[in-house]
Amino acid sequence: MASLTIRRLDEAVKAELRLRAARSGRSVEDEVRVILREAAAGQAPVAPPAEPSPARAPAPAARTPGAPASIVLIIGGGIAAYKALDLIRRLRERGLHVRCVLTQAAQQFVTPLSAGALADERCYTDLFDPQSEFDAGHIRLAREADLIIVAPATADLMAKMANGLANDLASAILLATSRPVLLAPAMNPMMWANAATKRNMARLVADGAAVVGPNAGEMAETNEAGIGRMAEPLEIVAAAERLLRPHAPGALAGRRVLITAGPTHEPIDPVRYIANRSSGKQGYAIAAAAVAAGAEVTLVSGPVMLPDPPGARIVRVETARDMLAAVEAALPADIAVFTAAVADWRVAEAGAQKIKKTAQGSPALTLTENPDILATIAQRRDNRPPLVIGFAAETEKVIGHAQAKLARKGCDWIIANDVSPASGVMGGDRNTIHVITRDGVESWPPMAKDEVARALMARIAGTLAVNPAAPAAKERA
Ligand code: CTP
């Protein structure tokens, strides 16, 4: 079989080929293949009709039906670039085809070799690479992708994109594409909070970019924390899947899911309060997974340092009593998941003014019990959600204590987890849970909190599919 090197062709033929390829939305190589196929079949090669400027022409279909979706992953230059390597693996696990583009700065953190090896495809780095640019490779990369992901999306890359700069391969692709773009910003909290970054973000969102994260947490810099950590690879994958299949009905489509999350703060006086170490991460991950599964989600949240899960209705509260009122106001619901670490007690009479030190010694705080939100909802006669799920945070005898809670509170399931300091669950990103129902105990392997959330949604959807007796809350409302 003869082989053809397009680079060696006559300049005029190459120019004609590029024009044909641009008109038909194919790469130059594919255009040559079509011409050869037509010639072999005895047809006179038909030039595609001239169209208006490719910039204004509708984007051609990027793939044939059934072919795996194709992602261009642009890796920006930030410390979070190492997480982009895991992201490649996660995308490929889901059968997606991944092509990586590394900016110059990204190559200070990860190498084209490692990204290419994980993607199983050569990596692209240079706008002026004669190998890929002889047929305007940046246009091809921009056009052949079903989705472009920028992770980490650095402040610099987003500033370029917001202003239409195109002086390297990554920015040229972003300017040349008509495909959806998903940004996973990552930067120092001061940079994220800067007015220039906020302006650029607002511009990009107005231009149609989708955004996932950034999350709150510790920074690479010593003693720095705040909002600016790149979203976890699985969060990015979930956001990508939503963009790739925007119209797919989710497993919980048409269902109302009510979730509580985070700690509650119980005032002692106007400046002090009783709190606990709950980060809210598991509840927020469940809210995001429920949105991804197509549910209508209300998240009643205590004070946390987390970005809002896109697509959920958020009701912010401080105290246990406010949380109960917000939960009752959000009924009816089909599924209620109570992940909040509600303070069991509050100060019976919180001071109206700051309590001052006195010669009489320390003040005595009298505590009184807070309402049990889970038990109140699970034991309602009217408007009880058909599936009420509680969480049990335990530090010992995890399953035994959780089984007792299931009986005492009257809920349908309890998700038990070990929150002893050694487990690293409180504030951490992973969780090991046991799903306790009246039928028994399922112990799940350790998973990232967002994996737990997705698996839980799948488990709930499976239960509703087997037992669809209750009409959706929407129909009952
Ligand atoms: N819960 C609630 N309202 C409360 C206390 C707990 O809704 N006042 C819910 C939690 O959201 C969780 C479940 O009840 O779903 C169990 O919470 P947990 O803190 O583990 O148990 P407690 O009921 O507080 O019991 P204990 O502190 O004795 O373990």
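No lab work stands behind these numbers, since they all come straight from the coordinates. Predicted, not measured: the structure shown is a model, and the values here were computed from it. Please note: Cβ atoms are built from the backbone with ideal geometry, for glycine as well, and neighbour counts cover all protein chains shown.
Taking other C-beta atoms within 10 Å as the exposure proxy, H138, H401 rank H401, H138 from fewest upward.
Residues whose amide H lies under 5 Å from that of W345, counting only those 5 or more places away or on a different chain, are N370; hydrogens are built 1.01 Å from N in the peptide plane. Positive end of the charge dipole of the chain (Lys, Arg +1 and Asp, Glu -1 on Cβ, about the Cα centre): tell me which of I355, Y284, A325 has its Cα farthest that way. Of the options given, the answer is A325. So for the chain, what percent of the C-alpha to C-alpha distances run longer than 38 Å? The answer is 38 percent, as a whole percent.
Applying 1/(1 + (r/R0)^6) with R0 = 56 Å to the Cβ-Cβ distance of R438 and K14 gives a FRET efficiency near 0.20. Each label was represented as a point 7 Å from its Cα along the Cα-to-Cβ direction; for A195 and Q104 these points are 3.0 nm apart. Amide H contacts for A69 (H built 1.01 Å from N in the peptide plane; partners 5 or more residues away or on another chain; cut-off under 5 Å): H97.
Within straight-line reach of K397, meaning a Cα separation under 19 Å, sit the following lysines at least 8 residues removed in sequence or on another chain: K405, K409. Considering helices alone, the calculated mean residue ellipticity of the chain at 222 nm is -10000 deg cm²/dmol, with DSSP H runs of length four and up weighted by -39500 (n - 2.57) and normalised per residue.
Using the empirical formula 2.2 N^0.38 Å as the baseline, the Cα radius of gyration of the range 70-244 reaches a ratio of 0.95.
Whole angstrom only: what separates the Cα centroid of the range 412-465 from the Cα centroid of the range 340-373? What the calculation gives is 33 Å, centre to centre.
At a Förster distance of 22 Å, what's the computed FRET efficiency of T368 paired with R408, Cβ-Cβ distance as r, to 0.05? Taking R0 as 22 Å, the efficiency between T368 and R408 is 0.65. Taking the Kirkwood radius as Rh and the Cα radius of gyration as Rg, the range 326-473 has a ratio of Rg/Rh equal to 1.06.
Annotation: for a label point projected 7 angstrom from Cα along Cα→Cβ of R272, residues of the range 359-383 with backbone N closer than 16 Å are 359-368.
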